[in-house]
Amino acid sequence: MKVLVLVKRVVDYNVKVRVKADGSGVDIANAKMSMNPFDEIAVEEAVRLKEAGIASEVIAVSAGIANCQETLRTALALGADRAILIETDTQLQPLAIAKLLKAICAKEQPQLVLCGKQAIDDDANQTGQMLAALMNWPQATFASNVIVANGTLTVTREIDGGLETIEITLPAVVTTDLRLNEPRYATLPNIMKSKKKPLETTTPQALGVDVTPRLTTLNMAEPPKRAAGVMVADVAELVAKLRNEGVIA
Amino acid sequence: MTCLVIAEHDNSSLKSATLNTVTAAAQIGGEIHLLVAGSACAAVAKSAAKITGVTKILLADAAHYAEQSPENMAALIVAHAVAYSHILAPATAAGKNIMPRVAALLDTAQISEIVAVHSPDTFVRPIYAGNVLLTVQSLDAVKVITVRATAFEATAESGQATIEHLTATADVGQSKLVSRELTQSARPELAIAKVVVSGGRGLGNSENFHRLLEPLADKLGAALGASRAAVDAGYVPNDFQVGQTGKIVAPQLYIAVGISGAIQHLAGMKDSRVIVAINKDPDSAIFQVADYGLVGDLFEIVPALTAAL
Ligand SMILES: Cc1cc2nc3c(=O)[nH]c(=O)nc-3n(C[C@H](O)[C@H](O)[C@H](O)COP(=O)(O)OP(=O)(O)OC[C@H]3O[C@@H](n4cnc5c(N)ncnc54)[C@H](O)[C@@H]3O)c2cc1C
Ligand SMILES: Nc1ncnc2c1ncn2[C@@H]1O[C@H](COP(=O)(O)O)[C@@H](O)[C@H]1O
């Protein structure tokens, strides 16, 4: 079966972003960019399915500016077979991305789409569920274990009270949680090889998708800072302070 | 303008995050209806009818709503959406699973995890692990929203809503529950506890985590939480994780033990009222958000603190 894996280019998780002085956006002109960490987990899972002989082909897809090619090359170095970039300078919101991916799914006919549960920049946690809805496919979000057998998918999901295991029919969308696997690093030979793997570019226009944003950003601001705290010398002082705050008896 | 709030429950009792979500709906304005979908869940509808501000309970009771699968829930919600200007659910694992599906079927953008309501179409939500607060305006006819419970008070329960029975939508199938392994605990629920004791990699292993933190949590009537590192290393189950990609908590007192204070962790706890940090490294980032910091070896400090309470 064909597996599609979605990869987003985001500000690296170690970078503390700053809001521009006029509140119009964040200043990421010189920030280090990386593949969204949850997408690394998605790529790893797809590649393992290929190595297990379950996936026949792994196709990495990214939507955004031309630089997303770098993220796709990383996915290729990690083991994806080919890549598709949906290139646009328009700021994409999850609904638009889901519509773009629906168009790609119509063309590629994958049996499984793997993506991250959440992009660490917009923290939306929407795209996979939206794609599943538009395709009328089942979904298994926040996956910490995935088994494919006999045309069904058995997925263990991280939920608020613990874990649950569900069985869903294929084709389906799975979104990854942190404990699904530990992604590998790209080796130098594989990075070299990835440069020769096919990377096709398309556009929202070519796919016939209107990507006009539905949500308008009015402002971005940094949250209020907490008042500076104090260091206490020992346990006795800590207990006295906490009693004074009224948070312990 | 009428808001529909999706109730979260386990077929026998209502989850408290629903009450915070109703408060967000009340701030939007207009009438508030509440959807209770489940199986043999009439008791939930009855208790939900008491939520202040809710005028009508929509009760959809059928076997295929028992697990509230996103496929069946989205079909049901979409079938009733035309009557509503806003559809809201708590930003819990369940709400996050269902609502984007609803939004996509309605061709609407979802506004995730709002922390403030400015007007019926303008909301504030954190992005970049809480380092940025984004104010967004929605241009869609129906607004689909998830609500961060810690940012809104729980509404009172002195109302008297009517209960209307809905005809069930067809079973979508596609998904089947195999099993659930829920963490059993006599402690308060992490997301709503007044006091949280959280442990990180500094605890070293699962045995230490429990041996040191349980007695402290017992004394304080606290819930236990953890950093991602502690969960990944298997000290505690996944549902203990506090942070950007775990649970968001805002207790009266948060005690961070052996946690360095990565931004992803801070995202989940920095709105707590009083934060205490215990860490041997005076330069660790956790001290920047702590009201009270104590530098030293947690293996000495935690037992001493437990004894002093
Ligand atoms: C996509 C993504 C999502 C993430 N989501 C989350 C999330 O939701 N929640 C989360 O917590 N993290 C999350 N993280 C991980 C985060 O970046 C940090 O790696 C993690 O929070 C570190 O956990 P820690 O503080 O327990 O461990 P460490 O950073 O290793 O810190 C351990 C601390 O213990 C102290 N210590 C050690 N021994 C002792 C002792 N004897 N006495 C006192 N102090 C001691 C050390 O000084 C140190 O400060 C995420 C990361 C990524 C990439
Ligand atoms: N622009 C994009 N290109 C490719 N995949 C994306 C894009 N945006 C989101 N995704 C996928 O959807 C997941 C969830 O993103 P979000 O809904 O924005 O939190 C991400 O982890 C990616 O796998």
- Task: For segment B:5-29 and segment A:168-195, write down the distance between their C-alpha centroids in whole Å.
- Result: 37 Å
- Label-point separation (nm) for B:D232 and A:D89, each offset 7 Å from Cα along Cα-to-Cβ? 3.8 nm
- Area buried, chain B against chain A - accessible surface, total, 1.4 angstrom probe, square angstrom: 6600 Å²
- Item | Estimated inter-spin distance, A:A249 and A:A66, nm [label 7 Å along Cα→Cβ] | 6.8 nm
- Item | Degrees, to the nearest 10: B:93-105 long Cα axis against longest axis of chain B | 40 degrees
- Task: Show A:M231, A:M33, A:M220, B:M269 ordered by accessible area, largest first, where the area counts protein heavy atoms only and the probe is 1.4 Å.
- Result: A:M231, A:M33, A:M220, B:M269
- Vicinal HN-Hα couplings computed from phi for segment B:29-41 (Karplus, 6.51 cos²θ - 1.76 cosθ + 1.60; Hz; Gly/Pro x): x, x, 7, 10, 10, 10, 9, 10, 10, x, 10, 6, 10
- Query: Based on the alpha-carbon gyration tensor of segment A:2-224 and its eigenvalue square roots a ≥ b ≥ c, which shape applies: rounded if a/c is under 1.5, prolate if not and a/b is larger than b/c, or oblate?
  - Reply: rounded
- Where A:K16, A:K8 fall by accessible area, highest first, once all protein chains stay in place (1.4 Å): A:K16, A:K8
- Evaluate peptide B:131-144: per residue, the Cβ atoms of other protein chains within 10 Å of its Cβ; return the mean as an integer. 5
- Work out which residues of segment A:80-124 lose at minimum 10 square angstrom of accessible surface when the other protein chains are put back, relative to the chain isolated, with a 1.4 angstrom probe, and list them by number. A:L95, A:K99, A:K117, A:Q118, A:I120, A:D121, A:D122, A:D123, A:A124
- Mind ordering B:106-119, B:50-63 by average Cβ neighbours within 10 Å, highest first? B:106-119, B:50-63
- Can you list the lysines whose alpha carbon is less than 21 Å from that of B:K194, not counting same-chain residues fewer than 8 positions off? A:K241, B:K15, B:K219, B:K247, B:K270
- Roughly speaking, to the nearest percent, how much of segment B:1-119's 1.4 Å accessible area is carbon and sulfur? 57 percent
- Item | Estimated 222 nm signal from helices in the protein assembly as shown, with DSSP H stretches of n ≥ 4 weighted -39500 (n - 2.57), rounded to 500 | -8000 deg cm²/dmol
- Message: Nearest 10 degrees is fine. How inclined is helix A:37-51 to the longest principal axis of chain A, computing both from alpha carbons?
- Response: 40 degrees
- Note on the structure: Amide H proximity to B:A40 below 5 Å, modelled H, separation 5+ or other chain, gives B:A62
- Message: Quick check on the protein assembly as shown: of the DSSP beta bridges with both residues there, what percent are antiparallel, nearest 5%?
- Response: 35 percent
- Item | Net charge, B:K56 excluded, C-beta distance under 12 Å - Lys, Arg +1, Asp, Glu -1 | -2
- Query: Residues of segment B:96-126 losing 20 Å² or more of accessible area relative to the isolated chain, 1.4 Å probe, heavy atoms only?
  - Reply: B:K96, B:N97, B:P100, B:R101, B:A104, B:L105, B:D107, B:A109, B:Q110, B:S112, B:R125
- A:T169 to A:D27: extension gain in nm, 0.36 nm per residue of separation minus the Cα-Cα distance? 46.8 nm
- Share of Cα-Cα pairs in the protein assembly as shown lying beyond 43 Å, as whole percent: 17 percent
- Amide H within-cut-off set for B:V274, under 5 Å, with H built and near neighbours excluded: B:L253, B:Y254
- Message: Once R0 is set to 22 Å, what does the formula 1/(1 + (r/R0)^6) return for the Cβ-Cβ distance between A:N145 and B:Q184, expressed as a FRET efficiency to the nearest 0.05?
- Response: 0.60
- Note on the structure: Over 29 Å (Cα to Cα) among A:K8/A:K50; A:K16/A:K117; A:K20/A:K107; A:K8/A:K107 -> A:K20/A:K107
- Query: Taking the Cα-to-Cβ direction at B:D107 and at A:Y185 and moving 7 Å from each Cα, how far apart do the two end points lie in nm?
  - Reply: 4.9 nm
- Task: Please arrange B:H80, B:H165, B:H33 by accessible surface area, largest first, computed with a 1.4 Å probe and ligands excluded.
- Result: B:H165, B:H80, B:H33
- Hey, what angle do you get for helix A:235-245 against the long axis of chain A, alpha-carbon based, 0 to 90 degrees rounded to 10? 90 degrees
- Accessible surface, per residue, of the protein assembly as shown when the full set of protein chains is kept, probe 1.4 Å, Å²: 39 Å²
- Any residue on another chain or 5+ positions along whose placed amide H is under 5 Å from the amide H of A:R18 is listed here as A:D27
- Message: Taking all protein chains in place and a 1.4 Å probe, what share, in percent, of the accessible surface of chain A do carbon and sulfur account for?
- Response: 51 percent
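The values are calculated or read from the model by the stated rules, or taken from the named source; none is laboratory data. Just so it is clear, the model here is predicted, and its values are computed rather than measured. Quick reminder, even Gly has a Cβ in these numbers, built from the backbone with ideal geometry, and neighbours come from all protein chains shown. Heavy atoms of the whole protein, side chains included, go into the accessibility calculation; ligands, DNA and RNA do not. Shrake-Rupley method; radii C 1.70, N 1.55, O 1.52, S 1.80 Å.
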